[in-house]
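One structure below.
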Amino acid sequence: MSNRRRRVTQTRSLEERMAEQAAKLKEQASHLPAGKERDDLLRRAKIAETGSRINDWLSSHGLQPPN
């Protein structure tokens, strides 16, 4: 039996998807009282924002290849 990979064509950029994910996580965290669950959501939001910025930096035209 052959397992076939599910292929998905993305319609939005990675930066857009990560920024949207970060916004959703922050919104969810804003409805929670201070505690572990809220901190976890905020940490995940920060990771998504950082990933978006890193990806933007890596795809920038000014990035120079290593020598």
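The values are calculated or read from the model by the stated rules, or taken from the named source; none is laboratory data. These numbers come from a predicted model, not from an experiment. Glycine also receives a Cβ, built like all others from the backbone with ideal geometry; neighbour counts cover every protein chain displayed. Each accessible area value is taken on the protein alone, full model and side chains, heavy atoms only, with ligands, DNA and RNA left out. Shrake-Rupley method; radii C 1.70, N 1.55, O 1.52, S 1.80 Å.
The residues neighbouring residue 25, those whose beta-carbon lies less than 12 Å from its own, together hold a net charge of 0 under the Lys/Arg +1, Asp/Glu -1 convention. Here the chain is treated with +1 on each Lys and Arg Cβ and -1 on each Asp and Glu Cβ, and its dipole about the Cα centre works out to around 420 debye.
Expressed as a whole percentage, what fraction of the accessible surface of the chain belongs to carbon and sulfur atoms when a 1.4 Å probe is rolled over the protein heavy atoms?
It is 52 percent, rounded to a whole number.
The long axis of helix 14-30 is offset from the longest Cα principal axis of the chain by roughly 10 degrees.
Think of a 1.4 Å ball rolled over the protein heavy atoms: the chain then has 92 Å² of accessible area per residue. Each 5 Å bin, from zero up to the one with the longest distance, holds this percent of the alpha carbon pairs of the chain: 3, 16, 16, 15, 13, 12, 11, 8, 4, 1.
For the chain, the mean residue ellipticity at 222 nm estimated from helices alone is -20500 deg cm²/dmol, where every DSSP H run of n ≥ 4 contributes -39500 (n - 2.57) and the total is divided by all residues, rounded to the nearest 500. In this calculation the C-beta distance from residue 37 to residue 2 is compared with R0 = 35 Å, giving a FRET efficiency of 0.25.
Here the relative contact order of the chain, from alpha carbon pairs under 8 Å that lie six or more residues apart, stands at 35 percent.
Relative to the longest principal axis of the Cα atoms of the chain, the long axis of helix 36-58 lies at roughly 20 degrees.
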